[in-house]
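Just below is one structure, and these are the notes that go with it.
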Amino acid sequence: MAKIDAFFKLLAEQGGSDLHLASGSQPIVRINGEMERIKYKVLTNDELKAMLYEIAPEEKVKLFEETGDIDFGYEIPGLARYRANFFMQKYGVAAVFRQIPSKILTADDLGLPPVCKKMALLGKGMVLVTGPTGSGKSTTLAAIVDHANKERKDHILTIEDPIEFVHIPQGCLINHREVGMHTRSFSAALRGALREDPDIILVGEMRDLETIALALEAAATGHLVFGTLHTPSAGKTIDRIIDVFPANQQGQIRTTLSEALKGVIAQNLFRRVDKKGRCAALEILICTPAIGNLIREAKTFQIPSMIQTGKKHGMQSLDDAIMTLLQKGWIGADEAYSKAIEKNRFLQFLKEPPDEFS
């Protein structure tokens, strides 16, 4: 057993999501969004480096010493997988580990709306799950892919950096590819994917123009593509994709996106006040012909009002989702107010008016 594994066991016992180790600091775990120090000595650079290098593949250590940061996956059988990031900082080496549960939660476990299951059964197109870092995008996406795995007989190809949730093949054949280990980059893997007969492609992160362009091409040529972006809302997600391209290509991309995009799930995590844990509020956009028109005509600013009137298609706004959680008594009024788009709707629930309204 590696020396660092004791910290991972503590993380699991405490119900934490992240482990932070940094030279010149005590270890810290994030529990329900809050950072809490572990009662342990301050780590020295040499001590932490030895601990980290014990679990890192040799080629990753070499790359880390050349570049100053790396990502990779680490697994403790029977406990969990971890997304690891090593980086250099002022006082020496540091690392952050995100826990990825070994058990994949289903769409029903997560309480996802029924329309999310329908997205798993689409024949082709693009479905995006978006939100800030640590908002549970990977967990939601894993539940959707899990539903496809159970209900379909297809080839699912995942491209991630690093591999997070590992799906056991059920109805589908599943191939997991890790950037840096099994392929050079997201774009190289996507170019190869078009020759690997996939029905469903999961792109861990659409972070650059080439990756987004290839993912769009795959979605437009008969594949179902799932991806993630760090955007706060459905409308902003569409703007972000279009803005990545040069101005002279944006008209064509709007047309392609209006036809290829099938749905966007934008989510935010909230600390529960009724019990330990967190819950997600989801904004859901379904790309109806009317929404496709808005994308083509560069009128994405009208998307929020279209979501409001699209409830019969399974759409819901972020504020409506937050209001539902607040009225159930699951989340606090202050956090609901701080993460809401239309903050006026939540003023009545605050005990004291915020500074900007006092």
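Structure values in brief
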item: When residues of the range 155-176 are limited to those that are of a type in the set (D, E, K, R) and within 15 Å of residue 206 (Cα to Cα), the one surrounded by the fewest Cβ atoms within 10 Å (Cβ to Cβ); result: 161
item: Selection count where residues are of a type in the set (Gly, Ala, Ser), farther than 29 Å from residue 155 by Cβ and not in a helix (DSSP H, G or I), scope the range 226-243; result: 1
item: Candidate set from the range 55-72 (those that are aliphatic (A, V, I, L, M) and in a helix (DSSP H, G or I)); member that is surrounded by the fewest Cβ atoms within 10 Å (Cβ to Cβ); result: 61
item: Some residue of the range 244-259 being part of a strand (DSSP E or B) and within 17 Å of residue 126 (Cα to Cα); result: no
item: Residue within the range 126-146 that is among the aliphatic types (A, V, I, L, M), farther than 30 Å from residue 30 by Cβ and more than 17 Å from the chain's Cα centre (by Cα) present; result: no
item: Residue match in the range 218-237 (condition: over 30 Å from residue 297 (Cβ atoms), touching a residue at least 24 places away in the same chain (Cβ under 8 Å) and not aromatic (Phe, Trp, Tyr)); result: no
item: Residue 104 being in a strand (DSSP E or B), at negative phi, surrounded by 15 or more Cβ atoms within 10 Å (Cβ to Cβ) and of a type in the set (A, V, I, L, M); result: no
item: Test: residue in the range 196-206 that is farther than 29 Å from residue 76 by Cβ, surrounded by fewer than 16 Cβ atoms within 10 Å (Cβ to Cβ) and without any contact (Cβ under 8 Å) to a residue 60 or more places away in the chain; result: yes
item: Residue count for the range 336-358, restricted to those that are buried (at least 18 other Cβ atoms within 10 Å of the Cβ) and in contact (Cβ under 8 Å) with a residue 40 or more places away in the chain; result: 2
item: So residue 149, is it outside any strand (DSSP E or B) and without any contact (Cβ under 8 Å) to a residue 60 or more places away in the chain; result: yes
item: Among (1) under 29 Å from residue 330 (Cβ atoms); (2) part of a strand (DSSP E or B), the one test that residue 158 misses; result: (1)
item: From the options 183, 158, 140, residue that is touching a residue at least 40 places away in the same chain (Cβ under 8 Å) and under 20 Å from residue 208 (Cα atoms); result: 158
item: Single unsatisfied condition, residue 112 versus (1) part of a loop (DSSP other than H, G, I, E, B); (2) not assigned by TED's automatic domain parsing to the domain that holds residue 146; result: (2)
item: Only one of 19, 43 that is in the same structural domain as residue 63 (by TED's automatic domain parsing) and either modelled with pLDDT under 95 or not in a strand (DSSP E or B) (or both); result: 43
item: Residue ID - surrounded by the fewest Cβ atoms within 10 Å (Cβ to Cβ), chosen from residues in the range 255-277 that are touching a Gly at 6+ places or on another chain (Cβ under 6 Å) and more than 26 Å from residue 335 (Cβ to Cβ); result: 258
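This table checks each residue for (1) surrounded by 17 or more Cβ atoms within 10 Å (Cβ to Cβ); (2) of a type in the set (S, T, N, Q); (3) modelled with pLDDT of 90 or more.
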position	(1), (2), (3)
83	yes, no, yes
99	yes, yes, yes
114	no, no, yes
127	yes, no, yes
131	yes, no, yes
153	no, no, yes
183	yes, yes, yes
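The values are calculated or read from the model by the stated rules, or taken from the named source; none is laboratory data. A quick note: this is a predicted structure, and the numbers were derived from the prediction, not measured. All Cβ positions, even for glycine, are placed from backbone atoms using ideal geometry, and neighbour counts span all protein chains on display.
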